[in-house]
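A.B. asks: One structure follows; several queries about it will come next.
Each reported figure results from applying straightforward, stated rules to the coordinates on display, with no laboratory input. Computed from a predicted structure; not experimentally measured. In this analysis, Cβ positions are derived from the backbone assuming ideal geometry, glycine residues included, and neighbour counts consider all displayed protein chains.
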Amino acid sequence: MLPIARSIGPKRRREAIAFYLFASPWILGFLIWTVGPMLASLYFSFTNYDLFSAPQWVGWQNYVDLITTDQEFHHAIFNTFYFVIVGLPINLILALGTALLLNERLHGITIFRAIYYVPTLVPAVASGVLWISLFDPQYGMLDAALRFLHLPTIDWLTDPTWTKPAIIITLIWGVGGGMIIYLAGLQNIPEYLYDAAKIDGAGIWGRFRFVTLPMLTPSILFQLVIGLIAFFQVFDQIYVLTSNQPGDDTITFMYYLFQTAFGSETNQMGYASAQAWIFFVIVMAATALVLKTSARWVFYEGERETA
Amino acid sequence: MTSGLRRAAQVAAGGIMALALAACGSSGSGNGASGTTSISYGRWGSADEIAANKVLFTAFEKSHKTIKVTQQVADWNTYWTKLPTQLAAGQAPDTFLLDPGYYQVHYAGSGKLVNLDSLIKRDHVNMNQFWPQEIPSFRFQGHYYELPRDISVNMLIWNKNLFAKAGLTQAPSSWQQLLHDAQLLTLDNKGRNATQAGFDPQHIVQWGYGSYEYLDGIDEPLITEMGGHLWTQPETASNVQCIVDSPAGRQAITFLTDLIYKYHVSPTPTQLGHYQNIFASGKVAMYIDGTFDLPVYEGIKTFKWDVARFPSWNGREATMAQGVGNAINAASSHQSADWTLVKWFSSTQGQKVMSSHGINIPSIQSMALSPTFLQGKPSGMRSVIDSIRYGVPYLDFPHKADAFNYVDTVLTNSVFTGHTSVAAGLKKAQDGANTILKGGHV
């Protein structure tokens, strides 16, 4: 029994009730439209619900099929991990790089920051349509640049070697979002740390390594967790850019789930629900891993350093 | 109550009221004043098909003053994503177009559609006036769930200008003739054709034929002509199996891929993918497509073209002939008005309006062969329509669409791209398809 609970007076209780009343729309929404459907989907994952007939219980069969025989699912998981392992680090590094570049106090720097940020405001489907024309082997700008440099042109969206890099390029186009976070983090680093480092004889790289990077670790952690979840869930770009092409090199987990639930002729909701829950466990595990190990490398100001 | 708490309660009450108001939606159909019934009709389609359908509705409403029809449209893919969710939510259109070859089992088999037998009998709808090839598709367990609306056939489209330049005057009627003609029509950048010495397959500027993987439109008819089938026959039996990995199957797919890799008369899939429509760009002299794509070709202004029927093999003919029909939503509250619309679409009046607008081939045989329909169509259209009688069955059975898609994917991704041999690819396709037909996942 918490000692605090016993000492809540009538005023505190009124405040607590007011809090819950104000938060009630959100809590209700969360219960009705997030938790409720999640529990329903958990139930359906043990059935072969096809949207039209009553669900029939099949036990663990969906999960067994997914883990053992469904090669398309394995391929989707592989592709998804590829995007996460290759795309996420590139995204993080580029976001930090652009933030460092644009952290200078120059005249008109805000225009450049805006230019880098604007792509994140374009809806994914609209940007996908844009990228289709950019990737076009005959009329697109990318292959035009390659031709200008006398390099062989690339069939970005049809050549199996290049479809995944093409998707990663479109995802990296949105570094502006991460850049803003890093800019805020950079501007919160006190000048005296840099002065102290200069006095100690640290050069540019030294100052980056011993002042900037450690002070930025909370932002990096945030970007890492958000980026992990976002890259695991890549769907829009694949749906727009490569879903009509031969080859399933870019089928990711989310796209395969969408196909199972809505693309097959029987709307296999039960099977798709099982996929969703397997993926939920994977993403939770990855996030928990990152958060658990974060204590070792993230430095929060105000903490006492143990000797 | 303190003022703070009262304010909180007001905020919460206001929020809940707003939520309740937002949740009130309006249903799609209803009874208007003075006895008009409003019903909704759903279909997929291109802009042309939708415009043609609007003409049909205007004609229908003119002769049926008490019924108003609103159209719900989506493109092909979205339609099949949207319709099931609408049906599950009870918000589907009153009547809709259904493609029975892939969806009959799921829709008719789960009680979502009205059984039309008694209505057909009561109103003496003559089922013999429709194409016999498409009628079986609309039956499920012996009962009719759709009335035929139109039928699509595949056709061989040929470029008259390129043919004339090569000294040819008519489209090939057999696949062997097609190969021969294609070799004359494939030119490299020095103007040599594929039969001439010094022909350079690395620098082809024009191909004779555009061979691509089209499982039900090209592969299946060719396999049938060579004596095989995709599925065990009859497809209405329980326990249908995939038998694409047969001598006929291997022969057919080998022939189609040889056109690309051995005879070099067809572009590779990568090369094909560069074009929106390779025939319309003038890069291939022959191409096979369904009649539903006629609007794409009717927009061609740079050369003359015509259509011919699917080529034969050793004197045997087969083709793709797929009908679509109108179904009535079993949850509709206006089933009598729905039936009036559905019946009208398949009646002489309705099919006559359809014949004069748009490119859908009418389901009533005499309408399809009438001058009203044939005028303005390419001169080879009559022959194409005559070939409907060689159509391979277009029937649905449990897990057919998923098994079909699997075979299609394996052939497209591995065999036609040259990554896998025909034998290995067909074995993989057949094994996977049979796993899926048993309810498994691959």
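A.B. asks: Under 15 Å from the Cβ of residue A:154, count the other residues' Cβ atoms, weight Lys and Arg +1, Asp and Glu -1, and hand me the total.
C.D. replies: -3
A.B. asks: What whole number of Å gives the distance from the Cα centroid of the range B:374-388 to the Cα centroid of the range A:193-207?
C.D. replies: 83
A.B. asks: Could you work out which residue, out of A:263, A:128, A:227, moves most in a Gaussian network model of chain A, that is, has the largest mean-square fluctuation with Cα springs under 10 Å?
C.D. replies: Highest fluctuation among the options: A:263.
A.B. asks: Hey, got the Cα dimensions of the range B:289-442 along the principal axes, in Å, largest first?
C.D. replies: Largest first, the range B:289-442 extends 51, 51, 31 Å along its Cα principal axes.
A.B. asks: Using Cα atoms only, what is the angle between the long axis of helix B:422-437 and the major principal axis of chain B, expressed in degrees (0 to 90) to the nearest 10?
C.D. replies: So the helix axis and the longest Cα principal axis differ by about 20 degrees.
A.B. asks: With the crude spin-label approximation of a point 7 Å out along Cα→Cβ, what separation in nm comes out for residue B:254 versus residue A:100?
C.D. replies: Placing both labels 7 Å beyond Cα along the Cβ direction yields 6.1 nm.
A.B. asks: Using the crude model of +1 on Lys and Arg Cβ and -1 on Asp and Glu Cβ, and no other charge, please compute the dipole size for the protein assembly as shown relative to its Cα centre, in debye to 20.
C.D. replies: Working: 48 positive and 53 negative charges, 381 e Å.
Once rounded to the nearest 20, the dipole reads 1840 debye.
A.B. asks: Give me the one-decimal nm value for the distance between modelled label points at residue B:298 and residue A:60, 7 Å along each residue's Cα-to-Cβ direction.
C.D. replies: 5.9
A.B. asks: Can you tell me the convex hull volume per residue for the range B:58-127, based on C-alpha atoms, in Å³ to the nearest whole number? Spell out each step's value before the answer.
C.D. replies: Values: hull volume 10.0 nm³, N = 70.
Per-residue hull volume (Cα only) is 143 Å³.
A.B. asks: Once you list every other residue whose beta carbon is under 12 Å from the beta carbon of residue B:54, what net charge do they have if Lys and Arg are +1 and Asp and Glu are -1?
C.D. replies: On the way: positive: B:43; negative: B:48, B:49, B:61.
So the surrounding residues net to -2.
A.B. asks: To continue, here is another question. Could you check which residue among B:203, B:334, B:180 shows the biggest mean-square fluctuation in a GNM of chain B with a 10 Å Cα cutoff?
C.D. replies: Among B:203, B:334, B:180, the largest mean-square fluctuation in the Gaussian network model of chain B belongs to B:203.
A.B. asks: Roughly what % of Cα-Cα distances in chain B sit above 37 Å, to the whole percent? Walk me through the numbers on the way to the answer.
C.D. replies: Working: 32663 of 97461 pairs.
Percentage above 37 Å: 34.
A.B. asks: Can you tell which of A:80, A:294, A:165 lies farthest toward the positive end of the dipole of the protein assembly as shown, using +1 and -1 charges on the Cβ of basic and acidic side chains (Lys, Arg; Asp, Glu)?
C.D. replies: With unit charges placed on the Cβ atoms, the residue in question is A:294.
A.B. asks: Still on this structure: Taking +1 at the Cβ of each Lys and Arg and -1 at the Cβ of each Asp and Glu, which of A:141, A:21, A:106 sits farthest along the dipole of the range A:6-145 towards its positive end, judged by Cα position relative to the Cα centre?
C.D. replies: A:21
A.B. asks: Select from chain A the helices, each a whole stretch of DSSP H, whose alpha-carbon atoms run 24 Å or more along the helix axis and whose Kyte-Doolittle mean is at least -0.5; answer none if there are none.
C.D. replies: Qualifying helices: A:10-30, A:213-232, A:269-297.
A.B. asks: List the residues, sorted by chain then number, that are 5 or more residues from residue B:70 or on another chain and whose placed amide H is less than 5 Å from its amide H.
C.D. replies: B:39, B:40, B:41
A.B. asks: How do B:47-58, B:321-332, A:186-197 rank on mean C-beta neighbours within 10 Å, highest first?
C.D. replies: Answer by packing, highest mean first, reads B:321-332, B:47-58, A:186-197.
A.B. asks: When Rg is the radius of gyration of the Cα atoms in the protein assembly as shown and Rh is its Kirkwood radius, what does Rg/Rh come to?
C.D. replies: Working: Rg = 31.2 Å, Rh = 30.3 Å.
When Rh is taken as the Kirkwood radius, the ratio is 1.03.
A.B. asks: May I have the pair-distance distribution P(r) for the range A:84-188, computed from all Cα-Cα distances with 10 Å bins from 0 and rounded to whole percent?
C.D. replies: Percent of pairs per bin, in order: 14, 37, 34, 14, 1.
A.B. asks: Then there's this: Just need the Rg to Rh number for the range B:103-233, please, alpha carbons only, Kirkwood Rh.
C.D. replies: 1.19
A.B. asks: Let me ask something additional. Go ahead and run the numbers for FRET between residue A:112 and residue B:75, Cβ-Cβ distance against an R0 of 35 Å, rounding to 0.05.
C.D. replies: 0.30
A.B. asks: Across 10 Å bins from 0, what is the distribution of all Cα-Cα pair distances for the range A:63-297, in whole percents?
C.D. replies: Here the calculated profile for the range A:63-297 is 7, 25, 30, 22, 12, 3, 0.
A.B. asks: Per residue Cα convex hull volume for the range B:144-189, in cubic angstrom?
C.D. replies: Details: hull volume 6.2 nm³, N = 46.
Spread over its residues, the Cα hull of the range B:144-189 gives 135 Å³ apiece.
A.B. asks: Is there a pair in B:283/B:377; B:190/B:304; A:164/B:428; B:304/B:400; B:65/B:121; B:82/B:428 whose C-alpha atoms are over 28 Å apart, and which pairs would that be?
C.D. replies: B:304/B:400; B:82/B:428
A.B. asks: Figure the gain on full extension for residue A:75 and residue A:8 (residue separation times 0.36 nm, minus the Cα-Cα span) and round it to one decimal in nm.
C.D. replies: 18.6 nm
A.B. asks: Once the Cα atoms of helix B:335-345 and of chain B are each reduced to a long axis, what angle between those two axes, in degrees from 0 to 90 to the nearest 10, is obtained?
C.D. replies: It works out to around 30 degrees.
A.B. asks: A further question on this structure: With charges only on Cβ, +1 for K and R and -1 for D and E, what is the dipole size of the range B:153-319 about its Cα centre, in debye, rounded to 20? Walk me through the numbers before you get to the answer.
C.D. replies: Details: 11 positive and 16 negative charges, 148 e Å.
Taking the Cα centre of the range B:153-319 as origin, the dipole is about 700 debye.
A.B. asks: Kindly list the residues of the range B:52-89 that lie in the label zone of residue B:336, defined by a backbone N under 14 Å from the point 7 Å along the Cα-to-C-beta vector.
C.D. replies: B:66-67
A.B. asks: Just report the Cα centroid separation between the range A:230-281 and the range A:54-108, whole Å.
C.D. replies: So the separation of the two Cα centres works out to 12 Å.
A.B. asks: Restricting to DSSP H runs of at least four residues, report the calculated mean residue ellipticity at 222 nm for the protein assembly as shown, -39500 (n - 2.57) per run over all residues, nearest 500 deg cm²/dmol.
C.D. replies: The helix-only estimate for the protein assembly as shown comes to -14500 deg cm²/dmol at 222 nm.
A.B. asks: A further question on this structure: Explain nothing, just the number: dipole magnitude of chain B about its Cα centre with +1 on each Lys and Arg Cβ and -1 on each Asp and Glu Cβ, in debye rounded to the nearest 20.
C.D. replies: Using only the charged Cβ atoms, the result is roughly 880 debye.
A.B. asks: For residue B:236 and residue B:427, FRET efficiency with R0 = 25 Å and r from the beta-carbon atoms, rounded to 0.05?
C.D. replies: Once the sixth-power term is evaluated, E becomes 0.40.
A.B. asks: Test of understanding: in a Gaussian network model of chain B with alpha carbons linked when under 10 Å, which of B:423, B:197, B:368 would top the mean-square fluctuation ranking?
C.D. replies: So, out of B:423, B:197, B:368, the one fluctuating most is B:197.
A.B. asks: While we're on this one: What do you get for the angle between helix B:400-410 and the principal long axis of chain B? Use alpha-carbon atoms, 0 to 90 degrees, nearest ten.
C.D. replies: The angle comes out near 40 degrees.
A.B. asks: Also: Using only Cα atoms, what is the ratio of the radius of gyration of the range B:401-442 to 2.2 N^0.38 Å?
C.D. replies: After normalising by residue count via 2.2 N^0.38 Å, the value is 1.08.
A.B. asks: Still on this structure: To one decimal place, what orientation-averaged projected area in nm² is obtained for the convex hull of the Cα set of the range B:153-319?
C.D. replies: Projected area, direction-averaged: 10.4 nm².
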